Amino acid sequence: MDIKKQVEQLVGAANFDLRFDVLHLLQKAYRLEKNVKAKDALGWILENAKIAHRESLALCQDTGLPVVFIEAGKDIPISFALLKAIEQGVATGYARNYLRASIVDPLKRGTPSFVGVTSHVEFSSAHKGLKITIFPKGFGSENKSQLKMFNPTAGLKEIENFIIEAVRRAGPEACPPFVVGIGIGGTSDGSLLLAKKALLEKIDKSNQDKTLRLMEQRLLKKINSLNIGPMGLGGKCTALAVKIKTAPTHIAGLPVGINISCHALRSATMYLSKMREVL
């Protein structure tokens, strides 16, 4: 099977099957919710996921803008042909799975297209082979992204207040319960990319870094006290998780990026370990 065909299948998996970690926290939220309307909404979300998996249907009518993360080991030569094959696999995966075309020219707009893949390539010595992640990002939540360039003297409380206010402003329009990705450090664009990558972490696993773990826990508690709740119906579950990633930054700055996902946090990953599988 060539890489284009494998990427096509990965597109279907990302759009039809809710990640196990997301499903796990949704089920937990349903069990714990006392607000009747909020519990009903969580039940509808879970039923939707069940039907989407069973019938190979899109989890959401917004099939997103496909973001592709490519991580290559030192044994994999990255070529134009390889990147083109991945891009073509995404495009045909959308078309053959009857997923809505939503990509347009930013100024002319016009007829939606299946072409419009955003790719990020990284190299890693941590593993061999190729890791490819498809992340269809819906724009109801993407539109609520935030960036703030803090003074380097800013404290945790100031940063946390900015994050909580961003979630409050997102409100029901971004289809809660959310997963909130936070990027701290790097550059302005780098912090926003970190925030998006944070959404790819296992959301039902604790952060290994103690400072970040405690910060995630504080933020989740405060966000869930906003009483926005599933689909804006109130209750204790405005967010399923908060995930934070950091990177070194300049002594004169402190960028903080926020990328929110709706309850349909969709991504799928495959690993190719042999050269013949990727060439």
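Fraction of C-alpha pairs exceeding 23 angstrom in the range 57-155: 42 percent, rounded to a whole number. Sorting MET215, MET149 from the fewest to the most surrounding beta carbons within 10 angstrom yields MET149, MET215. Subtracting the Cα-Cα distance of ASN143 and ALA95 from their residue separation scaled by 0.36 nm leaves 14.8 nm.
In the chain, Cα pairs under 8 Å separated by at least six residues give a relative contact order of 28 percent.
With the simple spin-label model, which puts each label point 7 Å out from Cα in the Cβ direction, the LEU32 to LEU214 separation comes to 2.1 nm. Can you bin the range 215-279 into rounded, prolate or oblate? Criterion: square roots of the alpha carbon gyration tensor eigenvalues sorted a ≥ b ≥ c, rounded for a/c under 1.5, prolate for a/b above b/c, oblate for the rest. Because a/c hits 1.5 or more and a/b fails to exceed b/c, the range 215-279 counts as oblate.
When cysteine pairs in the chain are screened for C-beta atoms closer than 4.7 angstrom, the residues that find no partner are CYS60, CYS237.
Ordering GLU33, GLU158 by the number of other Cβ atoms within 10 Å of each residue's own Cβ, fewest first, gives GLU158, GLU33.
For LYS236, the lysines whose Cα falls under 17 Å of its own Cα, not counting residues fewer than eight places away in the same chain, are LYS28, LYS34, LYS37, LYS39, LYS221, LYS222. Computing FRET efficiency as 1/(1 + (r/R0)^6) for ALA81 and SER225, where r is the C-beta to C-beta distance and R0 is 51 Å, gives about 0.50. Here, the range 140-261 yields an orientationally averaged convex hull projection of 6.6 nm² when only Cα atoms define the hull. The chain gives an Rg/Rh value of 0.97, both radii derived from C-alpha positions and Rh following Kirkwood.
No lab work stands behind these numbers, since they all come straight from the coordinates. Treat the numbers as computed from the prediction; the structure is a model and nothing was measured. Note that each Cβ is placed from the backbone with ideal geometry, even for glycine, and that neighbours are counted across all protein chains shown.
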